[in-house]
Structures are given as structure tokens and as C-alpha cells.
Amino acid sequence: MKQDVRILLLGEPKVGKTSLIMSLVGEEFPEEVPLRAEEITIPADVTPEKVPTHIVDYSETEQSDEVLKNEIIKANVVCVVYDVTNEDTIDKIKTKWIPLVNGDAEKGNKVPIILVGNKSDLRCGSSMETILPIMNQFSEIETCVECSAKNLKNISELFYYAQKAVLHPTAPLYDPEDKQLKPLCVRALSRIFYISDQDNDRILSDAELNCFQKSCFGNPLAPQALEDVKTVVWKNTSDGVQDNGLTLNGFLFLNTLFIQRGRHETTWTILRKFGYDDNLELTDDFLYPEIQVPVGCTTELNPLGYQFLQRLFNKYDEDKDSALSPAELKNLFCVCPYMPWGAEVYLAVPTTDEGYISNHGYRCQWTLSAYFDIHRCLEHLGYLGYPILTEQDSQTAAVTVTQDKEVDLEQHQTQRSVFLCKVIGPQGTGKTAFLQAFVGCSVENKGNPSSAFSPYAINTIQVSNQEKYLILNEVDVEVEFLKASDASCDVACLMYDASDPHSFDYCASIYKQHYMESNIPCVLVASKVDLPEVKQFHGMTPAEFCYKHQLPPPLPFSCLFLDSTSKTIYSRLAWAAVYPHLNGSDMSNTSYWLRVALGSTVVAVLGFAIYRAVARLK
């Protein structure tokens, strides 16, 4: 909504433009009237809409055509004043003043006009019979007010309507020629309807209507008023009321009726409550509320955020199978101008056997979004109506900014729930398979008809009886090109191919370059252990390297054996991320992990031996 209003009064000489302004300000008819009144500013606290209002007079004898053009450009609304007793001043409305104001303007960009019939005290009847054809001819005319500067009749109303034409404009909402809502208005009101339809039955029930009414106007409707509204819609539409509730068409009709009856401020109140500006676009303040994330801190969804998202999931999970099919997911995001989640989401989170996003996977994806791109996450929550449905000031109420990681390290504890693991290794090591195994699927059977690829995988791990989110981020770069930003994380997973003699050398170099002097814990993983193991071309074996640098021995991984061994690796990564202060401690503190790793190795080796034996028999 505009921060101030500039009203320009135009009209033929002697119609009473200056008298109207002076009568408004002095609250009495002036005995002496100057040729032109100086610009007047009415403070916000004395105007109905609580917006500062500037009233500008025009005098043909005192001001040039150039000054007039500049004033028209600056004006938010123009009041064309005519004398109700002088037909010539009425004719000049359409032959002179409206062409002068909007002659070159395109449809939809015209300055709103209020027709003002002054000197009504000198005429018994009304001039409206003559004015109506002009109003029908020019769609930019908002209304006509007959008034009298002499007896102060309708003076306040005149300037109220002028304010209203600026602050609650008709032009963006309604096409008077077609007598219907404009497409952008239909789009905005449709989004509002879908957000307000909290059970997704395509009908606004009495409870939903009252919730909507209270959200927009502060109070629910009385039961009889609610019935009256539905009766009006039922009488005027064929499909506006269904099962004693309001359909989308009924909701759109109701707003059309408000506008046609001059109550477009009602529709604007609704639109602005749901975040729209004068161009019927969601404002940046609504979509992108300010949030400060200091260096070293991260962003997570908090219980309020997860509760809202769970309500949303339940609303759109129509078959109640605890998963969202592509159609259900599309419906969930129908209030967004674009589909926020692409095909890559099916590779990043746990899915069902049918390839649908599970309830758990849905929470994981939102967690991933909040962690990596909080501004985009807040935008999507805004589209989905978070601040309205939760009665919060903004979407930031759904988010927690965590404590600095350095402080966590000093205190040997953390309140964070989301941790990042960089999976680093040469190309062809099996990093993608490692990520896919984390979300419960192999690369081969993951339903991915497109060429979608996700460098991320996210799932939950139990750490000290608490559920933690672990994000795996595949990093695929050569040693000399690995930037510090690529290495930064909560835990590093250095992966090498046990069947490639050159593979471990890469991991050793990465460790020395980025992690040896850091507080970031590291876990080494030997991939493709189902293939024959070869000697690594490095100065020492991987086990010796780990012992020297006080790291747990390499953990074996094969995408052919997605059993408890693999789960141990992910658990190890999560524990290392949650308790980084154990990194670099003496061997007694890590003996537990050595036992876990060695035990896993024994299990894996036995499994691979059986696998090879079976393979030879085939």
C-alpha cells in the first residue's frame, strides 16, 4: 500500500476547486478565496486510512501547461471538479480534462479520477443523469460525489473517496468493460482460497470461513451473517455453494460483488493480509523476511515449522498412505508460481517402494532446504501461507538459527539437529552409490527416468537416543582444485576405491591439505570391497595412515552389500559430526570406534568371501 496520497484538483475556472480545499481545512466556507490554494498536507493521524495526504490545487491563470503536466504525472488521483449548475463544465470533463489526464495512458495504467459536482446547494435535483454516461464511457472514473463547499456537504467524503481510489484501486482488480475480475486478481484470490481450505475438500466450510474472516478482519461472522453471505452467492451463481460451503467460484463471485458495490477495500484488505502489493504480486517483505545468520551458524526448522509442514502433508495426502504421489505433491505446491522441487528430490530423500516421497522423506527435503538455502525456504513457506495459518509475524518463526559451531566445540556439546558430511573422493569411487544407499536405494533400481542428479542425500540417524539429520554432499573435484569451501563441513568422509591402486593417495593428500590441522573429524571409507583388493601406491597402507593420524581404520563399503555394515558407516559419520571434540583425542577415547570398525570389517570380509565363492560356482 502506498505510503502517502497526492490528490490533484482540476476543472474549469470558477467551479470551486479552491473553495473545496479551504472548506475542508477550515471547516467553514471561506469569505475570501484566493486564485489558488497552496499545497496542503493532512497528517496521517487525522485521515481515515492513516496515510499522509497531499492536496494540490490548480489555477489556469497562475500556472503554465508545463506545470500542469508535471502535476498530473506526480498525482496519485485526480479530482475533476464541475459546477452542477453549468452544463459547459460538465461537457469539458470528457472533451478536455479526462483526455488531458489519461489521453496517452495505456489501459491499466491510467490515473484514477473522481468526478466532483460542486455547488449542489444551488440546484434542486441531481446531475447524475448527465454524469452516468460519462462514467460508463471512461473506466478510470472511480466514482462521482456531489457536494457543496458553501454548506460543507460531502466535503470529507470527497477526499475520502479520493484516498480510497489510491489506496484501494479498482483497476488492478476489476475490468469494468468486461464486468469481471482481472486474471491476476483471480490468481491471487485462488491462492488465498486454497490456503484457507484447510481440509482440501475444495469448499470453505463455516469453520474455515470464520477462520479466514478472523484472520483478515479480526472477528468471525455472526451465524446469521454467514448464512446471508451464502444465500447471496447461492442465488446468483449455479455452483458457488456446495455442501453448505463456499466453492472457489463462490469465493470469486463474492469479491466481484464487493468491488461492483464500491467495497473494494474489503478485497484489498484480504489481499494485503495474504501478502499482496498494489500490483497483485507478493511483496518482498512477505516472501523474504529478514533473518540474520552469523558466520559459523546454521539454520534449521524448529518444532513450529515441522508442525506446520506436517499439517500441510496431512492435508494433501489424500489417500492417507503416508506418502505424496506426484499429483499430490503438485497439489501441495499449487499456491506457488513454480514447482519448488524437481526430479532430483527423489534421489535426495527416502522414498516409498512406488517411488513416492514418504512422510519422512518430505521432512528430510524441507530440512535440506532450510539448511542450504534459508531464503528460498522462507519464500516457499510464504507461498504456502505459513504466517497466516500459524498467526505468526513471518516465516522466520519456523526457523532456528543455531549457535556458532566454535562455541559448540568449546562447550563439548551442541543443540543442533542437522549436520553436513562432505563425501570426497576421485571420480568413479562410488560416491553416488554411497549417497543412494543412505536413502535406502541403489543407483540401479532408483526410479529416475530423467537425467536428474542430486549431489545431496539426507536421512536421520539415532545418536545418543536423539534423532539427527545427516546430509551427505558428494564432492567430485581433483586435489588441486578442492577449495576450502568445498572442504568445510561437520564431518568429512574420504572415500577411496580399494580396487584402484592410485585412489587412496588422493584421500591422503586431501586429508593433509584440509583436515589434518582442523577440528573437522574425518572418516575413511574403502569402497568397492567386493572387488579384489590391491595395494595402494602410497607411502603406507590406509590402516597405517589412519593409525599414524589417530583416525579410525577405513570402513568397508560395497553397494552390493547394503546391510548393517553400511549402516555402521553412516552412524559413525553422524556420531563424529555430533561429537567433533573427540577428534584427535587419545586412542582410548576412540577405542569404541576401532572395535566397531574392526567388527564391521570382519563381517564384511566374510560376506565378500561368500559372495565370491557363490560367483565362482555359477
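When the listed pairs LYS179/LYS230; LYS110/LYS182; LYS110/LYS164 are checked against a 19 Å cut-off, the alpha-carbon distance exceeds it for LYS179/LYS230. Which residue, VAL166, PRO30, VAL5, has the largest displacement toward the positive end of the dipole of region 5-168 when charges sit on each Cβ (Lys, Arg +1; Asp, Glu -1)? It is VAL166, whose Cα lies furthest towards the positive end. Would you mind classifying region 104-199 by shape? Square roots of the alpha carbon gyration tensor eigenvalues, ordered a ≥ b ≥ c; an a/c under 1.5 is rounded, otherwise it is prolate if a/b is larger than b/c and oblate if not. Taking the square roots of the gyration eigenvalues as a ≥ b ≥ c, region 104-199 is prolate.
When only Cα pairs below 8 angstrom with a gap of at least 6 residues are kept, region 299-399 shows a relative contact order of 35 percent. The residues ASP393, ASP284, sorted by heavy-atom accessible surface at 1.4 Å with ligands and nucleic acids left out, run ASP393, ASP284 from largest to smallest. The lysines whose alpha-carbon is closer than 23 Å to the alpha-carbon of LYS512, local same-chain residues fewer than 8 away aside, are LYS405, LYS422, LYS431, LYS483, LYS535, LYS548. Other residues within the sphere of radius under 11 Å centred on the Cβ of GLY11, judged by their own Cβ, net out at 0 (K and R +1, D and E -1). Within the chain, DSSP assigns beta bridges of which about 40% are antiparallel (rounded to the nearest 5). Counting only lysines at least 8 places from LYS119 when in the same chain, those with an alpha carbon closer than 16 Å to its own are LYS14, LYS17, LYS150, LYS153.
In terms of its alpha-carbon gyration tensor, region 5-168 comes out rounded; the largest-to-smallest axis ratio a/c stays below the 1.5 threshold. From the list (1) 42, 30, 26; (2) 87, 26, 20; (3) 70, 26, 20, can you say which value of semi-axes √(5λ) of the Cα gyration tensor in Å was derived from the structure given? After the calculation, the listed value that fits is (3).
In the chain, taking the dipole from charged Cβ atoms about the Cα centre, the farthest positive-side position among VAL186, PHE453, GLY428 is held by GLY428.
Where both bridge residues fall in region 5-168, DSSP classifies roughly 15% of the beta bridges as antiparallel.
Taking every C-alpha pair closer than 8 Å and separated by at least 6 residues, the mean separation divided by the residue count of the chain gives a relative contact order of 8 percent. Scanning the chain for long hydrophobic helices, with DSSP H runs required to stretch 24 angstrom or more by C-alpha along their axis and to average at least -1.0 on the Kyte-Doolittle scale, returns 591-617.
Only DSSP H runs of four or more residues enter the estimate; each adds -39500 (n - 2.57), and after division by the residues of the chain the mean residue ellipticity at 222 nm equals -12000 deg cm²/dmol.
Can you give the FRET efficiency to the nearest 0.05 for LYS94 and PHE29, using r as the Cβ-Cβ distance and R₀ = 25 Å? Given R0 = 25 Å and the Cβ-Cβ separation, E is 0.30.
Counted by Cβ distance under 11 Å from CYS297, the other residues give a net charge of -2, where Lys and Arg count +1 and Asp and Glu count -1. Each residue of region 77-91 was assigned a 3J(HN,Hα) from its phi angle through the Karplus expression (A = 6.51, B = -1.76, C = 1.60, θ = phi - 60°), giving 8, 10, 9, 8, 8, 10, 9, 5, 9, 10, 4, 5, 5, 6, 4 Hz with x at Gly and Pro.
If you average the C-alpha positions of region 1-17 and of region 363-430 separately, how far apart do those two centres end up, in angstrom? Distance between centres, Cα-based: 52 Å. For the chain, a simple Cβ point-charge model (Lys and Arg +1, Asp and Glu -1, everything else neutral) yields a dipole of about 1840 debye relative to the Cα centre.
Shape analysis of region 322-468 yields a ratio of the Cα radius of gyration to the Kirkwood radius, Rg/Rh, of 0.99. Specify the inter-centroid distance of region 262-320 and region 345-362, based on alpha-carbon positions, in whole Å. A separation of 24 Å, based on Cα centres. A simple count of charges around TRP268, restricted to other residues whose Cβ falls under 13 Å of its Cβ and scoring Lys, Arg +1 and Asp, Glu -1, yields +1. For LEU10, the residues 5 or more places off, or on other chains, whose built amide H falls under 5 Å of its own are CYS79, VAL80, VAL81. Does region 239-306 come out rounded, prolate or oblate by the C-alpha gyration tensor, with a ≥ b ≥ c the root eigenvalues, rounded set by a/c under 1.5 and, if not, prolate when a/b is larger than b/c and oblate if not? It is oblate, given that a/c is not under 1.5 and a/b is not larger than b/c.
Excluding same-chain neighbours fewer than eight residues apart, the aspartates and glutamates reachable from LYS92 by a Cα-Cα span under 15 Å are GLU12, GLU60, ASP83. When only Cα pairs below 8 angstrom with a gap of at least 6 residues are kept, region 461-533 shows a relative contact order of 33 percent. Largest first, the residues VAL475, VAL46, VAL407 sort by 1.4 Å accessible area into VAL46, VAL407, VAL475.
The values are calculated or read from the model by the stated rules, or taken from the named source; none is laboratory data. Because the structure is predicted, anything quoted here is derived from the model rather than measured. Heads up, the Cβs are rebuilt from the backbone with ideal geometry, glycines too, and the neighbour counts pull from every protein chain shown. The accessibility values were calculated without ligands, DNA or RNA, using every heavy atom of the protein model including side chains. Shrake-Rupley method; radii C 1.70, N 1.55, O 1.52, S 1.80 Å.
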